[in-house]
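One structure is given below, encoded as structure tokens.
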Amino acid sequence: MVAIKLGVLALQGSFIEHARSIERCGARAVAVRKPEDLEGIEGLIIPGGESTTIGKLMTRYGLDQRIRELAAAGMPVYGTCAGLILLARRVLASSQPVLGMMDITVMRNAYGRQVDSFEADLRIPAIGDTPFRGVFIRAPRIEVTGPGVEVLAELDGKPVLARQGRFLVSSFHPELTGDARIHRYFLNMVSDMAS
Ligand code: GLN
């Protein structure tokens, strides 16, 4: 079997950790820095970092347009943390450039400034019974989800993992734990699209 090839946007933020998680699942990871790097990938991960910086660089290098085209043609995309913000159709109190492909409204840094970072055990039935350790770093909060959005996990009554068709988002960082179950879930989305 040929290994699935996933791109990880590598303009800023956690490329290496995502690449390791992907490879742990038996797939291949490719760093995406220019539009050409997107050719031949079957899915894309947009990592955490600073969404304003990633958004500006994406526009500068012409990556935003090509990502939108490939997603419109069926490519699955998974956004973690800043990546979630970039996938959202609406970002409250901000006019930063985003891809705007998923029907969610988000608020940046909404989990409290005094606690910039925290961890929580999440119940995610879609990946099994064992709780998933969620690492939240200046995390965005999903405030509103459109009718086509499926909530896969919640924290304090708000979605923290959600899916709309080929789009997946998490407000936490699954690449920072040794647990690759969410990466495996995304890889299953990618192989379902391909079949
Ligand atoms: N606070 C960042 C932003 O608004 C996201 C933080 C992260 O990706 N860890 O872009």
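Laid out as a table, the results:
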item: Number of the condition not met by Thr53 [criteria: (1) under 24 Å from Ala139 (Cβ atoms); (2) surrounded by 15 or more Cβ atoms within 10 Å (Cβ to Cβ)]; result: (2)
item: Some residue of the range 28-43 being under 20 Å from Val135 (Cα atoms) and either under 16 Å from the mean Cα position of the chain (by Cα) or of a type outside the set (Phe, Trp, Tyr) (or both); result: no
item: Residue count for the range 138-162, restricted to those that are within 19 Å of Pro47 (Cβ to Cβ) and not hydrophobic (A, V, I, L, M, F, W, C); result: 3
item: Enumeration of residues in the range 96-117 that are in a strand (DSSP E or B) and exposed (fewer than 15 other Cβ atoms within 10 Å of the Cβ); result: Ser117
item: Condition met for Tyr61 (closer than 19 Å to Ala180 by Cβ, at pLDDT 95 or above and among the hydroxyl-bearing types (Ser, Thr, Tyr)); result: no
item: Subset of the range 155-187 (residues that are free of Cβ contacts under 8 Å to residues at least 40 places away in the same chain and of a type in the set (Lys, Arg)); result: Lys158, Arg163
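The values are calculated or read from the model by the stated rules, or taken from the named source; none is laboratory data. Just so you know, these numbers come straight off a predicted model, no measurement behind them. Note: ideal-geometry Cβ built from the backbone for every residue, glycine included; neighbour counts use all protein chains shown.
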